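Notes follow the structure.
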Amino acid sequence: MSAKIAVLGLVIEEPGPAHRLTAKLRQRLSSAEFVDSNVYSALSRLERDGLVRARASDSTSTDYEATEDGVRHFEQWLFASSSAPPLRDELHMKIALCQPRNLPRMIELVYGQELVCLGRVQELKRSFERLRPPDPKRWSGLVLVMVRDAELAFWESRLTWLQGVRESLEHMGAGFANATRGQREKPPESPSAGFANATRGQREEPPEQDRAGYQNASRGQREEPPEPLGAGYQNASRLRREA
Amino acid sequence: MNPLLSLEAVGKSYLRGPHRLRVLKDVALDVAAGQLIAVWGKRGAGKTTLLKIAARLEKPDQGVVRFDGVDLATLREAEHTRLMLEKIGWVRRAGPKSDLEMLDYVALPRLAERGRRQAYALAREALERVGMAECAGQRWGSLSDGERSLVAIAHGIVRAPKLLLVDDPTANLDVIEREQVNGLLRSLADEEGIAVLMTVPDMPALMHAHHIASLSGGRLAVPPPEPPELSHEPPRDEEPGRVIQLRSREQSA
């Protein structure tokens, strides 16, 4: 979504000066992370294209209002079908490409991302607390809550995914620890016994402190990873779904 | 300000078949009077266990739970029962076991202590406080999910508790009902100084809380401290005298 169309929508809703439009944009579409200069450049482009015009106001600043072309242009955008959001995420790449020896640090990386998500939810909460509590029984309150919920649904699904990844990695780490100990105590049953233990032991907790367990796990991986992490992770996910 | 409820290094695990499942690991959490703290987590993450441990309805494997400075593990059974009747409201949407009218159900916690007349007066007051006075004569089965949540809150606040423990109050509610229930819980904290610890199944329900956390894999994750506030107006939840009392494992270490 461009700042241009967002600013046009706000001008149609209520004509006003640039600084007021900037404040509104921040309140209403905080997730889009527009900066102040976006509003000013959007207004000059909209004016150039004949979609808004400046009009005299009582104060020293200039008010902007939409032209008929502007309203038509906005409605064309409003009712056009929306394209699907791109699904390209650096963390997906990191998980796809990481190795078993990376487990302990990947777990902390994923946990860090969980905290980032929670932080964004907290920021959203605070930005809403600065507004008058929206009344979902009124139109203005309902649309505000619906847009907020859309952003929250994104963070919720991201956090749920991250938690699932972390829990799977933690179980995998515990499995490695068991496998490593088993190797020291008796001969391995089969080349993939470590991962079989790992998937069986999904619900089993590491017998030692977590961090120590992960350290053992990563030491174990340097010796001989029985099969790629991806396969183990898929097994783990499949078993969880079946459970 | 001292926290009303304090969990220190709490751990809990269950045996699931041959395996041990740890649902809480080293959890630290403080709730002060007038605070609403919401804990989000998916189904089975241990949210209800956290609440039960906070009320000593379950015993933790490790750690200490204090209410008003008193270690709950040191209370005798009768003392604990009294605490649950007078100071801790337990709110869940399970409803009464028998087919009671809602006024009877809400009055139940006060009947033994206050007698019939006073208990019913308090129950009417509590139903009115949650906006459900007109449902006094109805039965649980005839209420919508939203109405059940509100009646369950009335059942919790009828004892004028210091602490309200609320288990997933907004599950399956629509937007309007959810906002109503969460707004009510926030107002109980803000206006009546009740400490509220609630678990929520979805993120929109976090929006009315003073502080938020998430629970997964036994870890209670707390968002990092925010960047400095640019506005001259202080956020509503950082009034003087309020304390932020959520601690993650990393922060307490």
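Within the stretch A:142-154, the residues that satisfy the criterion of being open to solvent by less than 30 Å² (accessible area, probe 1.4 Å) and hydrophobic (A, V, I, L, M, F, W, C) are A:VAL145, A:LEU152. In the stretch B:26-35 there is at least one residue that is within 13 Å of another protein chain (Cβ to nearest Cβ) and in contact with a helix residue (DSSP H, G or I) (Cβ under 9 Å, 6 or more places away or on another chain).
The set of residues in the stretch B:55-96 being touching a residue at least 24 places away in the same chain (Cβ under 8 Å) and either of a type in the set (Val, Ile, Thr) or in a strand (DSSP E or B) (or both) consists of B:GLN62, B:GLY63, B:VAL64, B:VAL65, B:ARG66, B:PHE67, B:ILE88, B:GLY89, B:TRP90, B:VAL91.
State which residue is surrounded by the fewest Cβ atoms within 10 Å (Cβ to Cβ) when the search covers only the stretch A:111-141 and only residues that are aliphatic (A, V, I, L, M) and more than 7 Å from chain B (Cβ to nearest Cβ). Spell out how you get there, then give the answer.
From the stretch A:111-141, those aliphatic (A, V, I, L, M) are A:115-116, A:118, A:121, A:124, A:131; that's our starting set.
When the remaining residues are screened for being more than 7 Å from chain B (Cβ to nearest Cβ), the result is A:116, A:124, A:131.
On the way: A:VAL116: 15, A:LEU124: 19, A:LEU131: 11.
Of everything passing the filter in the stretch A:111-141, A:LEU131 is surrounded by the fewest Cβ atoms within 10 Å (Cβ to Cβ).
Taken over the stretch A:5-36, the criterion of being closer than 24 Å to A:SER140 by Cβ and in a loop (DSSP other than H, G, I, E, B) is satisfied by A:GLU14, A:PRO15, A:LEU29, A:GLU33, A:PHE34. When A:GLU90 is tested against (1) away from chain B (no Cβ under 11 Å); (2) surrounded by 15 or more Cβ atoms within 10 Å (Cβ to Cβ), only condition (2) is not met. You will find that of A:LEU169, A:LEU103, the residue that is within 12 Å of another protein chain (Cβ to nearest Cβ), modelled with pLDDT of 80 or more and surrounded by 18 or more Cβ atoms within 10 Å (Cβ to Cβ) is A:LEU169 and no other.
Answer yes if at least one residue in the stretch B:181-193 is closer than 24 Å to A:LYS125 by Cα, within 14 Å of another protein chain (Cβ to nearest Cβ), open to solvent by less than 20 Å² (accessible area, probe 1.4 Å) and touching a Ser or Thr at 6+ places or on another chain (Cβ under 6 Å), and no otherwise. Scanning the stretch B:181-193, I find at least one residue that is closer than 24 Å to A:LYS125 by Cα, within 14 Å of another protein chain (Cβ to nearest Cβ), open to solvent by less than 20 Å² (accessible area, probe 1.4 Å) and touching a Ser or Thr at 6+ places or on another chain (Cβ under 6 Å), so the answer is yes. Answer with yes or no whether B:ASP99 is over 27 Å from B:ARG56 (Cβ atoms), open to solvent by 60 Å² or more (accessible area, probe 1.4 Å), assigned by TED's automatic domain parsing to the domain that holds B:LEU72 and acidic (Asp, Glu). Answer is no for this residue. Selection within the stretch A:143-155: residues that are within 7 Å of another protein chain (Cβ to nearest Cβ) and without any contact (Cβ under 8 Å) to a residue 24 or more places away in the chain. The member of this set that is farthest from the chain's Cα centre (by Cα) is A:VAL145. Evaluate the stretch B:41-54: report whether one residue or more is buried (at least 19 other Cβ atoms within 10 Å of the Cβ), assigned to a strand (DSSP E or B) and either of a type in the set (Lys, Arg) or within 13 Å of chain A (Cβ to nearest Cβ) (or both). Within the stretch B:41-54 (the criterion being buried (at least 19 other Cβ atoms within 10 Å of the Cβ), assigned to a strand (DSSP E or B) and either of a type in the set (Lys, Arg) or within 13 Å of chain A (Cβ to nearest Cβ) (or both)), the answer is no, since none of the residues qualifies. Here B:ALA107 fulfils each of the conditions (1) more than 19 Å from the chain's Cα centre (by Cα); (2) open to solvent by 30 Å² or more (accessible area, probe 1.4 Å) apart from (2). Within the stretch B:159-180, the residues that satisfy the criterion of being open to solvent by less than 10 Å² (accessible area, probe 1.4 Å) and among the hydrophobic types (A, V, I, L, M, F, W, C) are B:LEU163, B:LEU164, B:LEU165, B:VAL166. When residues in the stretch A:37-84 are screened for being at pLDDT 90 or above, among the acidic types (Asp, Glu) and outside any strand (DSSP E or B), 4 of them pass.
The values are calculated or read from the model by the stated rules, or taken from the named source; none is laboratory data. As the structure is a prediction and not an experimental result, all values here were calculated from the model. Glycine also receives a Cβ, built like all others from the backbone with ideal geometry; neighbour counts cover every protein chain displayed. Accessible surface is based on the protein model in full, side chains and every heavy atom, while ligands, DNA and RNA are left aside. Shrake-Rupley method; radii C 1.70, N 1.55, O 1.52, S 1.80 Å.
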